[in-house]
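One structure is given below, encoded as structure tokens.
The values are calculated or read from the model by the stated rules, or taken from the named source; none is laboratory data. Note that the structure is a prediction, hence the values are computed from the model and not measured. Glycine also receives a Cβ, built like all others from the backbone with ideal geometry; neighbour counts cover every protein chain displayed.
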Amino acid sequence: MLWFWMAFIIALVVVLAMGEPTLRVLVSIKAGQAIREDAPERHRTKAGTPTMGGVLIVTGMVMGVLLTLGAQAALSQQTLTRAWDPAVFCTTVLAFAGIGLLDDYLIIRRGKNLGLKARQKLLMQCVVAAAFAAYLFVNAEVGVTTVLQAGEWRVDLGGWYYPLAVLFIVALSNAVNLADGLDGLAAGLSLIAACALGSIFGLRDTSWVLQGAGALGGACAGFLNFNRYPARVFMGDTGSLALGAALALIAILAKVELIALVVLLVFWIEMLSVILQVISFQTTGRRIFRMSPLHHHFELLGMHEVRVVMMFWIAGIVSGAAGYVLARISI
């Protein structure tokens, strides 16, 4: 785990060092957040807070991965099975960040919460995820790449693995995006998930993916310095789409996809709350929750934002710990 923490610290330092200059730039270009019309009333005070802060997370993560790999190469402590894996990982995350950046830019330019259309955003995400799946297909390892395993149970999905991988990446990217609605919520949950996935993967391997998880965790930790309540900057879709993609890619490359379903449970619940709300309203005209995603439901029940975030963080820690215990049992 030494290199995990090395990547963590590098990403953390990069984000902290870049934070203030980046905030000044975002303020100077008037990159203010537009608030949804149906958002809870207390969110009105957040209008104008700088957004697109996800550039900090993505930059910190990429720098953490590359600098750690460079240090390992200099010390001859890392041999990559597939030399292009780190580059493809970083490129895919940057592509998702680019989609989010375009969405954030359109929202800022139009002055209201109206960026890319949902189908446009989904199509671009699917194209990028499919490109990553194609890379996996071309470089597939027999008996490894398309296999899902938990303990003694294992199943080889064959060609079905690749479309399911695309679905997993796109779904998690959007799940994190939905969870990004309160100060520090998505960044904190992603920090917890990255550390949990790193710990799980570290039980059996020490490849560069461990550094990827560490860099992601460090970048989120650094970002929380600026995004905790009351937030001075929001990550925007630039950050949330990239975070979800990064977590999915780490789970896929580390071959802990099934365990990741448990570790990332809070994100799945947030997404499920939206799906159930839409289905219920369209079929019965009634809402299950006062507002979705789920974190807004608790807000409208009268809970303070900080309390809701802490409650969700605790749930994230519990799901991460549960995933770790399952991984230990499965060894």
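Some points to look at:
- Selection count where residues are part of a helix (DSSP H, G or I), over 18 Å from Leu56 (Cβ atoms) and in contact with a Leu (Cβ under 9 Å, 6 or more places away or on another chain), scope segment 103-117: 2
- Scope segment 51-87; condition modelled with pLDDT under 80 and either among the charged types (D, E, K, R) or in contact with an Asp or Glu (Cβ under 9 Å, 6 or more places away or on another chain) (or both); matching residues: Thr81, Arg82
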